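**Q** If you scroll down you'll find the structure; I have some questions about it.
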């Protein structure tokens with residue numbers, strides 16, 4: 001059953017990296033259109049929510065202290081960039097490669113196995129999360145310099161590192177839907193019923209009312225929530241904070257679970273017909 | 001092949017490059033491939049021939065390791081695929097039935113990126129790519145998107161890509177389906193040339209002319225079972241007999257011939273535009289000629305069209321192709 005073997009630790013295998021390189025090469029051909037629009041999205045949100053709403057919103061209370069709204073929302077946008085980039089890359093771009101372009105079918109005629117393709121896609125989506133969180137981090141440095149927010153700039157190099165790891169888990173989550181949706185039109189279900197709620201109930205734009213036990217439980221299960229809180233601790237206090245360990249453990253567990261699920265479901269879709 | 005791998009294979013096994021034993025594959029309770037065994041000798045073209053749904057593509061996918069058989073084993077030069085998978089997949093090239101050319105890349109990038117999916121790395125890759133572009137007449141399109149190529153040239157690219165790593169065995173799944181006659185002939189010439197360079201090729205087709213022109217050996221598959229394997233003439237003789245009697249539509253003895261066939265033969269004649277085509281062994285031909293001396297019939301050797309018509313009829317009517325001679329029992 002070699003071809004069906006799960007590969008939880010094959011992210012560094014040359015075959016997974018070959019798939020990553022293929023996607024990177026395509027991306028570099030179209031980098032202007034592929035990079036700027038998605039990278040700009042969090043900045044548009046920052047302008048709309050952070051700068052637009054800050055005149056109407058009083059200071060927000062976070063961990064027992066008052067924060068200006070712009071300072072509150074800025075770290076959340078980094079988390080949003082990591083989630084948004086990798087989840088949607090795995091949903092749409094991977095689906096197009098798998099279903100319409102049959103790129104994966106071509107690769108499966110080589111030494112690369114399906115588990116490497118899944119890892120390659122996850123690594124690539126994580127790389128995109130790295131690029132976009134880097135871009136947002138640079139933009140935050142700029143708005144800090146303009147005096148619009150007050151952040152601990154010395155932690156900025158850490159943000160893309162957290163972004164890439166979180167991006168792997170989000171991408172593996174997205175690939176599960178890629179494996180099961182019957183057509184690209186059905187992507188509306190994961191996008192509107194899962195992607196958007198995850199992004200909103202994450203302490204990105206507003207504090208989730210965690211005193212409500214149901215909302216609190218959902219927030220605790222939401223990996224973007226923990227990422228957002230960790231990034232806020234970093235950017236506001238300069239330390240990883242109490243959310244880091246839950247984030248690291250839950251993201252690692254989610255990554256392994258989602259990778260295994262995606263490999264199983266994509267195998268079932270492509271190779272059991 | 002590494003010394004330890006070579007020592008695992010006997011010298012007899014080395015003359016056969018691919019051998020399958022008792023392959024079985026079931027989908028949704030239906031046996032798509034049923035106890036199929038076959039082998040391909042080095043440097044030859046082996047064709048899997050059968051009607052739609054016969055199990056050709058599923059067999060091919062098991063042979064090159066895309067899917068696992070439920071039962072049975074596949075060997076390459078005596079080495080079992082499941083045990084030496086990573087090494088053996090380096091020897092294999094695959095050209096799928098679907099168009100899997102990478103449309104995100106240019107023609108030359110398709111070759112370069114595809115080569116990156118193999119280890120050990122392709123030696124002198126850029127020289128190899130230039131040679132392939134020349135062989136497949138793709139030089140002038142090297143930096144263009146595959147979208148701008150005609151169907152025939154896209155298939156050339158897919159073929160070139162499948163051998164960029166210099167495989168020992170090339171799998172071609174219906175390589176000319178959808179091509180116009182001119183492009184089809186050009187692909188045949190390329191396949192013929194690759195065989196001439198020592199490549200072993202296993203292909204599927206339902207084009208009889210393609211099978212006749214290209215094949216050194218045939219495996220006839222029907223409902224997942226191998227009916228016969230061998231050289232085309234040998235297979236035809238075994239499955240259909242030595243002759244085909246053709247009775248024209250306007251023959252006055254037509255009704256009598258049909259009655260005779262129903263009594264004497266285990267299968268129905270094929271009917272093509274009203275013309276009866278009756279495959280017969282030599283002994284039956286003498287009896288037929290004696291009874292229908294004035295029926296205006298012609299006798300010719302069987303061809304793959306006759307075989308295919310019989311297979312298709314068998315599939316429709318659920319009658320087995322244990323043809324009249326009784327020699328065509330599933331093997």
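The values are calculated or read from the model by the stated rules, or taken from the named source; none is laboratory data. Not measured: the values here are computed from a predicted model. Glycine also receives a Cβ, built like all others from the backbone with ideal geometry; neighbour counts cover every protein chain displayed.
**Q** Hey, any hits in the stretch A:265-273 for a residue that's over 21 Å from residue A:85 (Cα atoms) and free of Cβ contacts under 8 Å to residues at least 60 places away in the same chain?
**A** Yes, because at least one residue in the stretch A:265-273 is over 21 Å from residue A:85 (Cα atoms) and free of Cβ contacts under 8 Å to residues at least 60 places away in the same chain.
**Q** Let me ask something else. Among the residues of the stretch A:4-53, count how many are over 15 Å from residue A:125 (Cα atoms), within 14 Å of another protein chain (Cβ to nearest Cβ) and buried (at least 18 other Cβ atoms within 10 Å of the Cβ).
**A** Selection size over the stretch A:4-53: 3.
**Q** Within the group A:227, A:270, A:240, which residue is away from chain B (no Cβ under 14 Å), more than 16 Å from the chain's Cα centre (by Cα) and either surrounded by fewer than 21 Cβ atoms within 10 Å (Cβ to Cβ) or assigned to a helix (DSSP H, G or I) (or both)?
**A** Being away from chain B (no Cβ under 14 Å), more than 16 Å from the chain's Cα centre (by Cα) and either surrounded by fewer than 21 Cβ atoms within 10 Å (Cβ to Cβ) or assigned to a helix (DSSP H, G or I) (or both) holds for just one of A:227, A:270, A:240, which is A:240.
**Q** Could you please give the count of residues in the stretch B:156-174 that are within 11 Å of chain A (Cβ to nearest Cβ) and closer than 19 Å to residue B:124 by Cα?
**A** Final tally of qualifying residues: 5.
**Q** Being in contact with a helix residue (DSSP H, G or I) (Cβ under 9 Å, 6 or more places away or on another chain) and either under 20 Å from residue B:166 (Cβ atoms) or more than 9 Å from chain A (Cβ to nearest Cβ) (or both) is the filter here; which residues of the stretch B:65-75 pass it? Show your work before the answer.
**A** Within the stretch B:65-75, the first condition is being in contact with a helix residue (DSSP H, G or I) (Cβ under 9 Å, 6 or more places away or on another chain), and the residues that meet it are B:65-69, B:72, B:74-75.
Scanning the stretch B:65-75 gives B:65, B:69, B:72, B:74, B:75.
**Q** Which of (1) modelled with pLDDT of 95 or more; (2) assigned to a loop (DSSP other than H, G, I, E, B); (3) exposed (fewer than 15 other Cβ atoms within 10 Å of the Cβ) does residue B:167 not meet, given it meets every other one?
**A** (3)
**Q** A further question follows. Of everything in the stretch A:68-123, what is outside any helix (DSSP H, G or I) and away from chain B (no Cβ under 14 Å)? Give them in sequence order.
**A** A:68
**Q** While we're here: If you scan the stretch B:228-249, which residues turn out to be under 21 Å from residue B:283 (Cα atoms) and part of a helix (DSSP H, G or I)?
**A** Selection gives B:233, B:234, B:235, B:236, B:237, B:238, B:239, B:240.
**Q** Here's something else I'd like to know. Working only within the stretch A:161-189, note down all residues that are more than 9 Å from residue A:262 (Cα to Cα) and buried (at least 24 other Cβ atoms within 10 Å of the Cβ). Step through it out loud before you land on a result.
**A** Going residue by residue through the stretch A:161-189, those that are more than 9 Å from residue A:262 (Cα to Cα) are A:161-171, A:180-189.
If the condition is that a residue be more than 9 Å from residue A:262 (Cα to Cα) and buried (at least 24 other Cβ atoms within 10 Å of the Cβ), then A:162, A:163, A:166, A:167, A:168, A:169, A:170, A:171 are the ones that fit.
**Q** Take residue A:190 and decide whether it is within 21 Å of the chain's Cα centre (by Cα), without any contact (Cβ under 8 Å) to a residue 40 or more places away in the chain and in a helix (DSSP H, G or I).
**A** no
**Q** In the stretch B:76-104, how many residues are more than 16 Å from residue A:270 (Cα to Cα) and either at the interface with chain A (Cβ under 7 Å from one of its Cβ atoms) or touching a helix residue (DSSP H, G or I) at 6+ places or on another chain (Cβ under 7 Å) (or both)?
**A** Count: 19.
**Q** Tally the residues that are facing chain A (nearest Cβ under 9 Å) and either at positive phi or part of a helix (DSSP H, G or I) (or both), restricting the search to the stretch B:113-128.
**A** 2
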